[in-house]
Amino acid sequence: MIQRPRRSGFVPYSRPSIAEDEIDAVVCCLRSGWITSGPQVRRFEEMMIERLGCAHAVAVSSATAGLHLLMHALGIGPGDEVIVPSLTWPSTATGVELLGGHAVLADIDPHTLQLDPADVARRLTPATRAIVPVHFAGAACDLDAIRALAAGAGVRVVEDAAHALGTSYRGRQIGSDSFAAVFSFHPTKNMTTAEGGMIVCQDAEFASRLKLLRSQGVSRDAWTRHATAQSPRYELIEPGYKYNLSDIHAALGVVQLGKLDGFNAERRRLAARYNERLAPIAHIAPIAVPADVSTHAWHLYVVRLDLDQLALDRDGVMEALSRENIGTGLHFTALHEHAYFRARRGRGEAPLPHAAAASEAIVSLPLYPDLTDQDQDDVVAAIGDVLARSHRYLEEKTLCAF
Ligand SMILES: *Cc1c(COP(=O)(O)O)cnc(C)c1O
């Protein structure tokens, strides 16, 4: 057997694309004399509004902050329930819990791993106040069905769009017509501000309240006070959070947003290339793409392992790939498997079989604009070897047992 040489440098599962123009924009902001929320944040928000065609954009310090802020603005508190998918990052749910509400975990479609509207319907109660779907991996969830359920129950839909900048659903961009959606600019996402997020919404009053609450609940933020040279007086309207985005971060965002379509095109090309090259490899398959997605943002390339056919479990496969210098990610460990929710749930809540099964069998492969074709070929070759070895080992073990 010919040994495939181990790849020399490590291929991370994610890597931000930062070039000289991003660096220049940040340096320019640093030299400008104004580094906290100000003209760069305004410009970044205006670019988002123009891009999505939404009415309002509110830049925040992270998507986690944005989700917390939205739940606060909706008045979520003790006795309130908010339905979220179990297969997500904790912050889809933690804002609700921090406010004393109850995040009700719902199951996913076993093929696409998107929130399952039928399971959401089963978990609606008179205490339900909102539904927070996630556009998992950059594909849109079944929004029409979720919106219809929410309208029927008189509850809000807040979209966790952390993966979905550039995603469109039935020809419309995610965020263009949402009651509220939140994007993330964490370095692993499709574009970055190092840390940051953006809420988009349609209602002017709601947007003003969000802007007040992100700036400590104090009327007139520092930039407005500075730029308009009006009376230096300010007023606390209601207790708020310190969730504003700085101009240093926004300056990075302005440049990155201008490159987003190029970034996403490269992600799409690489995803198509993975589809082709992984097809002949046994015991692994990409998750299904929902039928209603017009544009997939390809935030993640998630594959499912056929664990019945492998001696290794998923963590073992990730470790073996790491030894081959291939990084992988896990999106996600289902929330109901985490210590907090294991203790919190119970009370006769229905099981989450599809989220539980996916949570054990999925892996995210390296996917980002700067991944080269050679990197990707190395990833595919390493996967082929690891899975073939693991399958052979299982077969030999089974034979010995007889
Ligand atoms: C990354 C992520 C978040 C949190 O984003 P931050 O900007 O890091 O707070 C929320 N939800 C999902 C689904 C995510 O993947």
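The values are calculated or read from the model by the stated rules, or taken from the named source; none is laboratory data. The model shown is predicted, which means the values in this text are computed figures rather than measured ones. So basically every Cβ, Gly included, is an ideal-geometry build from the backbone, and we count neighbours across all protein chains shown.
Leu87 passes every criterion in (1) farther than 12 Å from Ala181 by Cα; (2) of a type outside the set (Gly, Ala, Ser); (3) in contact with a helix residue (DSSP H, G or I) (Cβ under 9 Å, 6 or more places away or on another chain); (4) outside any loop (DSSP other than H, G, I, E, B) apart from (4). Evaluated against (1) without any contact (Cβ under 8 Å) to a residue 24 or more places away in the chain; (2) in contact with a Pro (Cβ under 7 Å, 6 or more places away or on another chain), Ala145 falls short on exactly one condition, (1).
Residues that are modelled with pLDDT of 95 or more, of a type in the set (A, V, I, L, M) and under 22 Å from Ala282 (Cβ atoms) number at least 3 in the following helices (runs of 4 or more DSSP H) confined to the range 308-393: 314-323, 353-361. Within the range 14-35, does at least one residue satisfy the condition of being in contact with a strand residue (DSSP E or B) (Cβ under 7 Å, 6 or more places away or on another chain) and within 16 Å of the ligand (Cβ to nearest atom)? Yes, there is a match, as at least one residue in the range 14-35 is in contact with a strand residue (DSSP E or B) (Cβ under 7 Å, 6 or more places away or on another chain) and within 16 Å of the ligand (Cβ to nearest atom). Of the residues making up the range 318-365, those that are charged (D, E, K, R) and closer than 30 Å to Val11 by Cα are Glu319, Arg323, Glu324, Glu337, Glu360.
The rows are residues; the columns are (1) part of a helix (DSSP H, G or I); (2) without any contact (Cβ under 8 Å) to a residue 40 or more places away in the chain; (3) farther than 19 Å from His336 by Cα; (4) within 16 Å of the ligand (Cβ to nearest atom).
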position	(1), (2), (3), (4)
Leu113	no, no, no, yes
Ala151	yes, yes, yes, no
Val158	no, no, yes, yes
Ala162	no, no, yes, yes
Gly175	no, no, yes, yes
Phe183	no, no, yes, yes
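Here Val134 fulfils each of the conditions (1) closer than 19 Å to Ala361 by Cα; (2) within 16 Å of the ligand (Cβ to nearest atom) apart from (1).
One line per residue, one yes/no per condition, for (1) within 22 Å of Ala194 (Cβ to Cβ); (2) surrounded by fewer than 22 Cβ atoms within 10 Å (Cβ to Cβ):
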{"site": "Cys28", "(1), (2)": "yes, yes"}
{"site": "Arg31", "(1), (2)": "yes, yes"}
{"site": "Thr36", "(1), (2)": "yes, yes"}
{"site": "Met47", "(1), (2)": "yes, yes"}
{"site": "Thr64", "(1), (2)": "yes, no"}
{"site": "Trp89", "(1), (2)": "yes, yes"}
{"site": "Gly95", "(1), (2)": "yes, no"}
{"site": "Gly100", "(1), (2)": "no, yes"}
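The residue list Leu30, Leu70 contains one member that is at pLDDT 95 or above and more than 22 Å from Lys211 (Cβ to Cβ), which is Leu30.
Restricting Val84, Val96, Val120 to residues that are more than 30 Å from Gly258 (Cα to Cα) and within 12 Å of the ligand (Cβ to nearest atom) narrows the list to Val84. Within the range 1-31, the set of residues being touching a residue at least 40 places away in the same chain (Cβ under 8 Å) and farther than 25 Å from Ser184 by Cβ comprises Arg4, Arg6, Arg7, Ser8, Gly9. Taking the listed residues Tyr301, Tyr274, the one that is at pLDDT 95 or above and within 16 Å of the ligand (Cβ to nearest atom) is Tyr301, with no other qualifying. Checked against the criterion of being within 16 Å of the ligand (Cβ to nearest atom) and either surrounded by fewer than 18 Cβ atoms within 10 Å (Cβ to Cβ) or modelled with pLDDT under 95 (or both), the candidates Ala194, Ala279 yield just one match: Ala194. With away from the ligand (no atom under 12 Å from the Cβ), touching a residue at least 60 places away in the same chain (Cβ under 8 Å) and within 12 Å of the chain's Cα centre (by Cα) as the only criterion, which of Ala139, Ala106 stands out? On inspection, the qualifying residue turns out to be Ala139. Against the list (1) closer than 19 Å to Ser294 by Cβ; (2) of a type outside the set (Asp, Glu); (3) in a loop (DSSP other than H, G, I, E, B), the condition Pro78 fails is (1).
Scanning the range 46-75 for residues that are away from the ligand (no atom under 14 Å from the Cβ), out of contact with any His (no Cβ under 8 Å at 6 or more places or on another chain), part of a helix (DSSP H, G or I) and in contact (Cβ under 8 Å) with a residue 60 or more places away in the chain yields Met47, Met48, Arg51, Leu52, His72, Ala73. Considering Thr88, Thr64, the condition of being closer than 15 Å to Ala162 by Cβ and in contact with a Leu (Cβ under 8 Å, 6 or more places away or on another chain) is satisfied by Thr88 alone.
Somewhere in the range 1-8, is a residue modelled with pLDDT of 95 or more, over 21 Å from Thr167 (Cα atoms), more than 16 Å from the ligand (Cβ to nearest atom) and of a type in the set (Lys, Arg)? No.
Within the range 232-242, none of the residues are outside any strand (DSSP E or B), touching an Asp or Glu at 6+ places or on another chain (Cβ under 7 Å) and not β-branched (Val, Ile, Thr).
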